Structure formats: C-alpha cells, structure tokens
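Inspection log for the structure reproduced underneath, given as structure tokens.
Read-outs: derived from the displayed coordinates by stated rules, not from any lab. Since the model is a prediction, treat every value here as computed from it, not as a measurement. Cβ coordinates were reconstructed from backbone atoms using ideal geometry, including for glycine residues, and neighbour counts include every protein chain displayed.
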Amino acid sequence: MKIIVTDQSGKTHELEAIEGWRVMEIIKDYGLPIKAECGGACCCATCHVHVDEEWQDKLYPATEEEIDMLDEAMDIEDNSRLSCQILMSEDLDGLKLTLAESALP
C-alpha cells in the first residue's frame, strides 16, 4: 500500500503504508515536515493535511472531536483533515494528500 504526499514546498513523495497505522505516523516515519505534536491524540491539529478531492468520500467522516481541533488550525479548507485520524487500509491504497502550511515544524 502507498500514500502520495505533497509537502509544503510542492515536492511529491510516494510512501509505503502499513495497514492499521495512522497516516500521521507514516508521514513522520519518512521524516516529512509535519509537527504532529500530540502524537495522535487529536488534541493539537498540527498534523493538518488537505486530502485530494478524489479521496474525500473514501475516508470515514470526521468526528466532532476532529472538527473541533480543525477549528483551531490555520489554512483550513473543505478538504482539511487531521492525519492522525486517518487509519490506513487497503481501501485507501494510493491516498493523495498535501501537508498543510500550519503543520510545518
């Protein structure tokens, strides 16, 4: 499985993904520029990403907790999600997303 991540400078990275891992963990393991300060506890919004339109409907809907955290983030768009709340699965093989400017360390 793979995820395709565009970083804040516009460079695209193809990352090997592991089923059941949080997308945030995969991005951090590859050393891409993402803060992810709370480590996946959904309490900081520093793993903010923009999910490509073609993938939005394939994700589980955001929880109220995630929506509340996104309200704290900058550069929010309709396709904004917290990468710590996206669990990798076969259905998401090829997932495309862009790291938000607000996620820069």
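List every residue pair whose Cβ atoms lie under 6 Å apart, where the two residues are 6 or more positions apart in sequence or sit on different chains, the first residue falls within region 73-86 and is on the phi > 0 side of the Ramachandran plot, and the second residue, located anywhere, is surrounded by 15 or more Cβ atoms within 10 Å (Cβ to Cβ) and among the polar types (S, T, N, Q).
Correct list of pairs: Asp75/Ser102.
Pairs needed: first member in region 9-37, within 21 Å of Glu66 (Cβ to Cβ); second member anywhere, exposed (fewer than 11 other Cβ atoms within 10 Å of the Cβ); C-beta distance under 6 Å; at least 6 residues apart or different chains.
Hits for this filter: Lys35/Pro105.
Would you please name the residue that is surrounded by the most Cβ atoms within 10 Å (Cβ to Cβ), looking only at residues in region 1-41 that are part of a strand (DSSP E or B) and polar (S, T, N, Q)?
My answer is Thr6.
Suppose we filter Ile67, Ile76 for residues that are part of a helix (DSSP H, G or I) and either of a type in the set (A, V, I, L, M) or surrounded by fewer than 18 Cβ atoms within 10 Å (Cβ to Cβ) (or both); which single one remains?
On inspection, the qualifying residue turns out to be Ile67.
Given (1) in a loop (DSSP other than H, G, I, E, B); (2) touching a residue at least 12 places away in the same chain (Cβ under 8 Å); (3) not small (Gly, Ala, Ser), where does Pro61 come up short, assuming only one miss?
(2) is the only condition that Pro61 fails.
Here are Leu82, Leu59: which of them is touching an Asp or Glu at 6+ places or on another chain (Cβ under 7 Å) and within 24 Å of Gly10 (Cα to Cα)?
That would be Leu82, the only listed residue that is touching an Asp or Glu at 6+ places or on another chain (Cβ under 7 Å) and within 24 Å of Gly10 (Cα to Cα).
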